[in-house]
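All remarks here apply to the structure that follows.
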Amino acid sequence: MPLSGTDALLAGLVALVITALLTPLSAVFARMVGAVDEPRDRGLAVRPTPRLGGLAIFAGAFTAAAIWLPGREPWTAVLVAMGVITIVGAIDDIVELPAWAKLLGQVAAAWIVVYQGVTVDVFTAPFLGSVSLGAWGDPITVLGLVLVMNAVNFSDGADGLAAGVCAIAAGSFAFIAFDVGQRSAATLSAIVAGAALGFLVHNFPPAKVFMGDVGSNLLGLLLGTIAVLGTVKTSAVVGLIAPLVILAVPFLDTTFVVLKRMKYRQPVYAADANHFHHRFSRIGFSSRRTILYLYAWTLMLGGAAVALRFVPYSDNHGHWHLGWSVLMGAILLAAIAASVYLVYVLEILKFRRLARLRGSSDPAVDAAVPEADERLDELLL
């Protein structure tokens, strides 16, 4: 019997409840094994906080998926991959694995699902139609899943940020997957959204527990799997665009940070304080205001991706409907304007503040300008 919207809602609710109930226990376990995050310069935490909250996310998502998803490939492989990445992430949170070991674990988890059919061999691209990847499909899909895992992992640096962004992204994927007939992928999307929201109960600022690498890698793997099965593998034109738009915030954050590290010849995995949430903090935003801005940005982009699927602006045969096309254009312009505004706030606002400093008549402020210039060069790419 095909899964319904009611099934998805129930599955998401079960994942939410289990995750919310088990998160405090995961925090107790984290303290027992010494997996506690201490306050540090690059972090926004102000007190020691236990990691391993991702174990509760795993328990909630795994239980719901085992109940609602069919017991056949690729879903059995997805459950196995969830276990693999959870073990790797938990070990990393406890003993801090070297970068190569973490990458190997991510590749192994990605390969498990790809080997059982979670792969992009053909996709539909705007203006190009159907594009076949041939033998490159499997390795490219593995690479894509690893990139999503790292994007979520890299962006997990502020209370409530990764959990909220992943919940919004999963919810957006659920609408699109159901509409294109991928009911199992849509149900998994609801499960991921529920598990993320259940964890957010304890992770919203001020956080009582962090998800750790175990949670961020798990959510990244599941979101990547959903993107492949729920959108990219479909014949819908929005299939390729949707994941890029829905996950744009963590993708942009990761890309910016990696490029900066490469520019200054630092290891790609070397932690720093140049993520979007760090920049919001430096311009005076509180933790809650920071994540609410990033939630809003993700929600607007997710809404635009969903609108691309649901707004009937075209009949898919080259004929455009003027009224719906205008509405779709307005939605896209709003999403682009919001993105440009936030990038402006994060990058250009510092120059405006520095200009005001240079115009000051206070000798103490004037003396601080050279130091501010030097610091600005360090902060900006």
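Is it the case that some residue within region 65-84 is free of Cβ contacts under 8 Å to residues at least 40 places away in the same chain, among the basic types (Lys, Arg) and assigned by TED's automatic domain parsing to the domain that holds Leu197?
Yes: region 65-84 contains one or more residues that are free of Cβ contacts under 8 Å to residues at least 40 places away in the same chain, among the basic types (Lys, Arg) and assigned by TED's automatic domain parsing to the domain that holds Leu197.
If you scan region 162-197, which residues turn out to be within 19 Å of Asn217 (Cβ to Cβ) and in contact with a Pro (Cβ under 9 Å, 6 or more places away or on another chain)?
Result: Ala162, Val165, Cys166, Ala169, Phe173.
Rundown of residues vs (1) under 20 Å from the mean Cα position of the chain (by Cα); (2) within 30 Å of Glu38 (Cα to Cα); (3) assigned to a helix (DSSP H, G or I), yes/no style:
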site	(1), (2), (3)
Lys102	yes, yes, yes
Gly105	yes, yes, yes
Ser130	no, no, no
Asp138	no, no, yes
Met149	yes, yes, yes
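Against the conditions (1) at pLDDT 75 or above; (2) among the charged types (D, E, K, R); (3) in contact with a Ser or Thr (Cβ under 8 Å, 6 or more places away or on another chain), where does Asp366 fall short? Just the number, please.
(1) is the only condition that Asp366 fails.
Applying the selection to region 20-65, what residues are modelled with pLDDT under 95, out of contact with any Lys or Arg (no Cβ under 8 Å at 6 or more places or on another chain) and either in a helix (DSSP H, G or I) or of a type in the set (Val, Ile, Thr) (or both)?
Within region 20-65, Val46 is the sole residue that qualifies.
Looking at Arg289, is it part of a helix (DSSP H, G or I), of a type in the set (D, E, K, R), modelled with pLDDT of 90 or more and under 22 Å from Ala337 (Cα atoms)?
yes
Please count how many residues of region 21-41 are more than 25 Å from the chain's Cα centre (by Cα) and free of Cβ contacts under 8 Å to residues at least 24 places away in the same chain.
Summing the residues that are more than 25 Å from the chain's Cα centre (by Cα) and free of Cβ contacts under 8 Å to residues at least 24 places away in the same chain in region 21-41 gives 3.
Check region 130-145 and report whether any residue there is closer than 29 Å to Leu13 by Cα and surrounded by 22 or more Cβ atoms within 10 Å (Cβ to Cβ).
For region 130-145, residues closer than 29 Å to Leu13 by Cα and surrounded by 22 or more Cβ atoms within 10 Å (Cβ to Cβ): present.
Looking at Gly144, is it in contact (Cβ under 8 Å) with a residue 12 or more places away in the chain and more than 26 Å from Ala101 (Cβ to Cβ)?
So Gly144 fails the test.
Across region 222-262, which residue is farthest from Glu96 (Cα to Cα) among those that are of a type in the set (A, V, I, L, M) and within 10 Å of the chain's Cα centre (by Cα)?
Per the stated criteria, the residue is Ile246.
Mind checking which residues of region 192-212 are β-branched (Val, Ile, Thr) and assigned to a loop (DSSP other than H, G, I, E, B)?
Listed by number, the list holds a single entry, Val209.
Conditions first: (1) modelled with pLDDT of 95 or more; (2) closer than 18 Å to Gly220 by Cβ. Val17 passes all but one, so which condition is the exception?
(2)
The values are calculated or read from the model by the stated rules, or taken from the named source; none is laboratory data. Keep in mind it's a predicted model, so treat the numbers as computed, not measured. Backbone-built Cβ (ideal geometry, glycine too); neighbour counts: all protein chains shown.
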